[in-house]
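Structure first, commentary second.
The values are calculated or read from the model by the stated rules, or taken from the named source; none is laboratory data. All figures in this text were calculated on a predicted structure; none of them were measured in a lab. Cβ coordinates were reconstructed from backbone atoms using ideal geometry, including for glycine residues, and neighbour counts include every protein chain displayed. Areas reflect the complete protein model, heavy atoms only, side chains present, ligands, DNA and RNA absent. Shrake-Rupley method; radii C 1.70, N 1.55, O 1.52, S 1.80 Å.
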Amino acid sequence: MNQLTKLTPAETLLIRSGPAAPLKDLLKYTLMDLLYKQVLEIEEMKLQTDLPNSFKTYRYIRIGKRFHEYTGLAHEHVFLSPFLQNNILKLLFDNAVRIGYENAGSQTRYVSMILKSYTLQDIVKRNWLQRLFGGFSYTSGGISTKAAIDFEFETLEKLVTAYRENKDQRILDNLKSIGGNIFLLASFDTTLAKEIEIELQQEFDRRASTDTSGCSTYWPTSSSSGCWSSFDSHSHSSSCSSDSGCSSGDSGCSGCGGCGGGD
């Protein structure tokens, strides 16, 4: 899996699908990869409601144990920027998704962010018109790389099938070596991917229906996140400093998209 060990999921998806790779998917797999690498992590909390013996689960995203040792790429900073401003910040899960979408801007802008990656410099090329509209072409080496990636995915699909049959740890280690690219496998589905996609779709719908930039607090629904099985690398904390949109100690964060920043 020589190629996939070098690439983030967004880079891989862009190479395989071209400039038309859906913005929603590029963002979804970027966030999942950051969670997988423990740069960010999920914290779940149960808070009592107004009803007796009734609790509601809220989910936050905060910095993970590898946050401070990780150098984020341009396309990852759409999710990392709020935490770089204040490393004790925590955001409601859906607020973090919304901020990432807002920081990404447009399809063209986000594709351009991904194409800044040093790993893609010998794979793709762009003329001035492509830079303007978010397109790109493959170099001769890029054509070979794309073919190699497609072959690696064919091999991985067979490995997933084999792992399901015999639970061989060596197969699992091989699969884990490609990092967040594991989420791009057609046979590898997670609840978390679906939840992120729902939040992104809501943001797409909201943008389509309004031009306002006002701040509103979204509350996540209570749902199980036990979707990582053997790939689970997240820790959960039982502490919570706030039930607002985001929490940052004494920073006065308002709990809305304003907690985020541009690139």
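Panel note: the C-alpha atoms of the range 1-76, placed on their principal axes, show extents of 54, 31, 23 Å (largest first). Note on the range 1-96: with charges restricted to the Cβ of Lys and Arg (+1) and Asp and Glu (-1), its dipole about the Cα centre is near 100 debye. On full extension, the segment bounded by residue 70 and residue 84 gains 3.9 nm, given 0.36 nm per residue less the C-alpha separation. Within the range 1-69, which GluC sites (Glu not before Pro) sit in a loop by DSSP and count at most 15 neighbouring Cβ atoms inside 10 Å? Passing both the DSSP loop test and the Cβ count: 69. For the range 57-116, the dipole from Cβ point charges (+1 on Lys and Arg, -1 on Asp and Glu) about the Cα centre works out to 120 debye, to the nearest 20. Evaluate E = 1/(1 + (r/R0)^6) for residue 139 and residue 167, where r is the Cβ-Cβ distance and R0 equals 30 Å; express this FRET efficiency to the nearest 0.05. For R0 = 30 Å, the calculated efficiency reads 0.15.
In sequence order, the range 97-111 has phi-based couplings of 5, 5, 4, x, 5, 5, 5, 5, x, 10, 4, 4, 5, 6, 4 Hz under the Karplus curve 6.51 cos²θ - 1.76 cosθ + 1.60, θ = phi - 60°, and Gly or Pro positions carry x.
Total lysine pairs in the range 60-186 at Cα distances under 14 Å, for residues eight or more apart or on different chains: 5.
Between the beta carbons of residue 50 and residue 109, assuming R0 = 41 Å, the FRET efficiency works out to 0.45 to the nearest 0.05. Pairs of alpha carbons in the range 1-151 separated by more than 23 Å make up 43% of all such pairs.
Element breakdown for the range 89-171 at a 1.4 angstrom probe: carbon and sulfur atoms account for 56% of the accessible area. Probing with 1.4 Å while keeping every protein chain in the model, the per residue accessible area of the range 92-157 equals 47 Å².
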